[in-house]
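So the structure is just underneath, and the comments pick up after that.
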Amino acid sequence: RFSFDRLTGRLWAADVGQNAWEEANIVRAGGNYGWRIMEGAHCFEPPSGCHAGGLELPVVEYRNAGSRCSITGGYVYRGEDMPGLRGTYLFGDYCSGEIFGVKEAEVATGGVVGQPSVLLDTDLKISSFGEDGRGELYVVDHSGGVYRIIAAP
C-alpha cells in the first residue's frame, strides 16, 4: 500500500517482505529499492554477500516474527487533533494488529531508522488506513470495521 504525504508530496510505500522483514520506503523517481535482491536492509537473493551499492534502503523496517506477518501501509499524520503525532508515518501489521509510527524528522537524514515505535496494540486485522479531509487517520479492520485513530484519554 502506498500514500502521498499531503504536506510534502513524498510518496511512501509499504512493502510486504518475503519471510523475515517488512519495510517502508520513501519512493524517489529513478530509485532502485533492491526488490528481489534485498528484504528490508538485508540480503535476500543471494542470502548473504549481496551487492547493495546504489540501492535505496528502506527508511523503516521491522522483523516479521511472532505474531507479526505483513505490513499495511498508512499515512503521514497531518491532522490537528493529535499534535504530538504530526509528521509521523503511521502503518500497521495485518496479523499482530499493532499500529506503528516513525517520525518524519527521523527519516529526513536518510538510511534505515530501524525498529518503529508501537503506538497502539489492537486486536484488528489491519487491512488498510484512510485519511479524511482534515488529515485525521482511520484504520480498517479486515472484518469491515472502520475506526478513527484518536489520542489516548
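The values are calculated or read from the model by the stated rules, or taken from the named source; none is laboratory data. Only a predicted model underlies this, so the values are computations on that prediction, with no experimental measurement involved. Here the Cβ is made from the backbone with ideal geometry for all residues, glycine too, and neighbour counts use every protein chain on show. Remember, those area values only see protein heavy atoms, side chains included, never the ligands or the DNA or RNA. Shrake-Rupley method; radii C 1.70, N 1.55, O 1.52, S 1.80 Å.
Where strands (runs of 3 or more DSSP E) fall entirely within the stretch 57-153, those with at least 3 residues that are open to solvent by 50 Å² or more (accessible area, probe 1.4 Å) are at 117-121, 146-148. Does any residue of the stretch 101-116 turn out to be basic (Lys, Arg) and at pLDDT below 95? Yes - at least one qualifying residue is present in the stretch 101-116. Of all residue pairs spaced 6 or more apart or on separate chains, those with beta-carbon atoms under 9 Å, a first member in the stretch 49-74 that is more than 21 Å from Pro116 (Cα to Cα) and a second member that is open to solvent by 40 Å² or more (accessible area, probe 1.4 Å) and in a loop (DSSP other than H, G, I, E, B) are Cys50/Ile37; Cys50/Phe44; His51/Ile37; Ala52/Ile37; Gly54/Asn32; Leu55/Asn32; Leu55/Ile37. Considering only residues in the stretch 18-43 that are among the small types (Gly, Ala, Ser) and within 17 Å of Thr72 (Cα to Cα), the one that is surrounded by the fewest Cβ atoms within 10 Å (Cβ to Cβ) turns out to be Ala20. Residues that are within 19 Å of Phe2 (Cα to Cα), modelled with pLDDT under 95 and β-branched (Val, Ile, Thr): does the stretch 122-145 have at least one? Taking every residue of the stretch 122-145 in turn, none turns out to be within 19 Å of Phe2 (Cα to Cα), modelled with pLDDT under 95 and β-branched (Val, Ile, Thr).
Within the stretch 35-56, the set of residues being at pLDDT 90 or above and in a strand (DSSP E or B) comprises Met38, Glu39, His42, Cys43. The listed residues are Gly53, Gly49, and the only one of them that is at positive phi and exposed (fewer than 11 other Cβ atoms within 10 Å of the Cβ) turns out to be Gly49. I'm trying to understand the selection: among the residues of the stretch 28-67, which are β-branched (Val, Ile, Thr) and touching a Cys at 6+ places or on another chain (Cβ under 7 Å)? Matches in the stretch 28-67: Ile37 only. Keeping to the stretch 1-34, report how many residues are at pLDDT below 95, aromatic (Phe, Trp, Tyr) and farther than 17 Å from Leu57 by Cβ. Qualifying residue count for the region: 0.
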